[in-house]
């Protein structure tokens, strides 16, 4: 894999939940033209797609779909966290990320270590470089009732190397095990 490629691992909300958040992403991105699929990022960069895929697939086959709670709307100065919905950082989302870290460390992903990162699970609504006033206006115009719950029922690897999120191809998707409780 060329050094310039960045492969990200996302948790995917169910199709019906993606349909709830996709219009907000589209609306907020209308001026920056940088739309993306609703997702919760587990890792911004995985060093080896090939070795990671098998480990991710095993974890997905052992994991039941689960609900995550969206608790707050925030904005930051970070491009990929310009305006976000904060996911309560406890329970299944954190447990799944920790299991992924363990499996990815066992696979041949080299000396990669995501366990030292501060993990703030979130569902991004807007990517961009905006002033604090612009970010606050965008955040203030989001009319969502929080807290809200969404069902996470899949994970996917996405090549996030290209500048515009519209150009990011999904490399592989794994549904979470379906024999668990469904919403």
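With each label modelled as a point 7 angstrom along the Cα→C-beta vector, the residue 98-residue 148 pair spans 2.9 nm. In the elastic network of the chain, a GNM with C-alpha springs shorter than 10 Å, the most mobile of 131, 76, 63 is 131. Calculated [222 nm] ellipticity per residue, helices only, for the chain: -9000 deg cm²/dmol; basis is -39500 (n - 2.57) per DSSP H run with n ≥ 4, divided by all residues, nearest 500.
Considering the chain as a Gaussian network with a 10 Å cut-off on Cα pairs, which listed residue, 34, 98, 141, attains the greatest mean-square fluctuation? For the chain, modelled as a Gaussian network with Cα springs under 10 Å, the answer is 141. Against the chain, whose longest principal axis comes from its Cα atoms, helix 49-61 is set at around 90 degrees. Here the chain yields Rg over Rh of 0.95, to two decimals, using C-alpha coordinates and the Kirkwood radius.
Subtract the Cα-Cα distance of residue 166 and residue 15 from 0.36 nm times their separation in residues, and report this length gain in nm to one decimal. Intermediate values should be presented prior to the final figure.
Working: separation 151, 0.36 × 151 = 54.36 nm, distance 1.83 nm.
Roughly 52.5 nm would be gained on extension.
If you plug the beta carbon distance of residue 37 and residue 131 into 1/(1 + (r/R0)^6) with R0 = 22 Å, you get a FRET efficiency near 0.25. Sequence-distant contacts, meaning Cα pairs under 8 Å at least 6 residues apart, place the relative contact order of region 7-175 at 36 percent.
Every read-out reported here was derived from the displayed coordinates using simple, explicitly stated rules and does not represent laboratory data. From a predicted model like this one, the values you see are computed outputs, not experimental measurements. All Cβ positions, glycine included, derive from the backbone under ideal geometry; neighbour counts span all protein chains shown.
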